[in-house]
2 protein chains.
Amino acid sequence: MVDIVHRVGVKAPLEQVYRALATREGVAGWWTTDTQGDGKIGGMLKTVFTRDGKVLGGFDLKVLELQPGKRVLWQVADGPAEWIGTRIGFDLKQEDDFSIVLFRHEGWKEPVEFMYHCSTKWATFLMSLKSLVETGKGQPSPDDVRISNWH
Amino acid sequence: MVDIVHRVGVKAPLEQVYRALATREGVAGWWTTDTQGDGKIGGMLKTVFTRDGKVLGGFDLKVLELQPGKRVLWQVADGPAEWIGTRIGFDLKQEDDFSIVLFRHEGWKEPVEFMYHCSTKWATFLMSLKSLVETGKGQPSPDDVRISNWH
C-alpha cells in the first residue's frame, strides 16, 4: 500500500480552510466547479471533471469524518478502478499565522503511473485551495493547471 | 520505506528535458540558481537554497546514472538527515508530442511531515522544469513557489 502525501500552509484561519474542504460550495471552488451532492457525514459528494465541454471522468466520495477545524476524510465510492476504496484525508492545524493542511490519499494498491499523475495533480489542487482561501479565487476544473498530455 | 512520486509532461523533445536534468546549468534553471559542482557520473552536484539572502539549506547529490533521453539518478550524500541516502530519479519517455517525466524520490525511512512538504515542493519544482524547457524560464530558488510557513 502506498500513499500520496502533501503539505501546504494557508495564511488564513482554520475555520476558513475547513469550510473549503467540508462543504460542497468550498470543494467546487478549488477542485472542480461541477461538485454536487451532500457534504454531510454519510453523504456523497459527486465530482465531474471536464475539458472543452467533454467529460474526462469523476469521483463519488463518501464523507466519513468531519471534525471542524481539524479533519475531513472521504472514501472513494466510485471513479477510476485505482481510486475505488481509497481514502482522502485532510488534517488541519495552526502554525504561526498559517493553517497547515496535511493531505493523504491512501490505500493505493500499486504505485501505478496514474498514481504519479494524481500526486502532481493533487499538489496543484492544494495550491488552488490555498489560493481560494487566501484570495477568494481558486483554479478548479475545468480551468485547472495542465501538467501533461493526461491533462 | 515510502516514496514521493510525480508525473509531468513537457511539450518538448526528450533531449531538451534530459539536458535540464543532466547538467549543472539545467538544474540551476528550475531547482535552485545556486547549483554548483560536477554533473557527470560519479560527480557531485551541490545545491543551496536561500531566501532574502539567508541560506535555508541545501543538498549534495552524487550522480549515479545518466542515460541520455532516458534516465537521471542521484543519491543524496549530504543535506537534512531525512534525505541522506535517499535516491532521486527521473525516468523519461515520449508520448505524443510530450516528454513524460516519471519522478521518484525513494528511500524515506518514515513518512514524516517534512516528507509531505517535500512532496508538494517537488511538484512545484517539476512544474518549474516544465516551464523552463517549454518557455525558457523556470522558477528556481530563491524565487520558487511559496507553499507554506516552511516556504
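Structure above, values below:
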| quantity | calculated |
| --- | --- |
| Those residues of segment A:100-151 which are touching a strand residue (DSSP E or B) at 6+ places or on another chain (Cβ under 7 Å), basic (Lys, Arg) and over 27 Å from residue B:92 (Cα atoms), in sequence order | A:130 |
| Any hit, segment B:21-28, residues being out of contact with any strand residue (DSSP E or B) (no Cβ under 8 Å at 6 or more places or on another chain), farther than 15 Å from residue B:140 by Cβ and free of Cβ contacts under 8 Å to residues at least 24 places away in the same chain | no |
| Cβ pairs under 7 Å, 6+ apart, first in segment A:125-151 and within 18 Å of residue A:97 (Cα to Cα), second outside any helix (DSSP H, G or I) and of a type in the set (S, T, N, Q) | A:131/A:139 |
| Looking only at segment B:107-124, and only at residues there that are in contact with an Asp or Glu (Cβ under 9 Å, 6 or more places away or on another chain) and without any contact (Cβ under 8 Å) to a residue 40 or more places away in the chain, the one that is nearest to residue B:29 (Cα to Cα) | B:124 |
| Only listed residue being within 8 Å of another protein chain (Cβ to nearest Cβ) and in a loop (DSSP other than H, G, I, E, B), chosen from A:150, A:83 | A:150 |
| Selected residue [within 16 Å of residue B:129 (Cβ to Cβ), buried (at least 16 other Cβ atoms within 10 Å of the Cβ) and within 14 Å of chain A (Cβ to nearest Cβ)] from B:17, B:27 | B:17 |
| Some residue of segment A:10-22 being among the hydrophobic types (A, V, I, L, M, F, W, C), part of a strand (DSSP E or B) and at pLDDT 95 or above | yes |
| Test: residue in segment B:90-100 that is surrounded by 16 or more Cβ atoms within 10 Å (Cβ to Cβ), within 12 Å of another protein chain (Cβ to nearest Cβ) and either on the phi > 0 side of the Ramachandran plot or of a type in the set (Asp, Glu) (or both) | yes |
| Qualifying residues in segment B:119-136 (those that are farther than 16 Å from residue A:4 by Cβ and among the aliphatic types (A, V, I, L, M)) - the one surrounded by the fewest Cβ atoms within 10 Å (Cβ to Cβ) | B:127 |
| Odd one out for residue A:42 among (1) farther than 21 Å from residue A:142 by Cα; (2) in contact with a helix residue (DSSP H, G or I) (Cβ under 8 Å, 6 or more places away or on another chain); (3) surrounded by fewer than 17 Cβ atoms within 10 Å (Cβ to Cβ); (4) not aromatic (Phe, Trp, Tyr) | (2) |
| Complete set of residues in segment A:97-136 that are assigned to a helix (DSSP H, G or I), out of contact with any Pro (no Cβ under 9 Å at 6 or more places or on another chain) and either modelled with pLDDT under 95 or among the small types (Gly, Ala, Ser) (or both) | A:119, A:123, A:131 |
| Matching option when the condition is under 21 Å from residue B:22 (Cβ atoms) and in contact (Cβ under 8 Å) with a residue 60 or more places away in the chain, among B:59, B:90 | B:90 |
| Residue list for segment B:107-132, restricted to those being more than 10 Å from chain A (Cβ to nearest Cβ) and under 14 Å from the mean Cα position of the chain (by Cα) | B:125, B:128, B:129, B:131, B:132 |
| Among the residues listed as A:55, A:76, the single one being among the aliphatic types (A, V, I, L, M) and surrounded by fewer than 16 Cβ atoms within 10 Å (Cβ to Cβ) | A:55 |
| Evaluation of residue B:139 against (1) farther than 21 Å from residue B:33 by Cα; (2) more than 11 Å from chain A (Cβ to nearest Cβ) (one fails), failing number | (1) |
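The values are calculated or read from the model by the stated rules, or taken from the named source; none is laboratory data. This one's a predicted model, so the numbers in the text were calculated from it and none came from an experiment. Please note: Cβ atoms are built from the backbone with ideal geometry, for glycine as well, and neighbour counts cover all protein chains shown.
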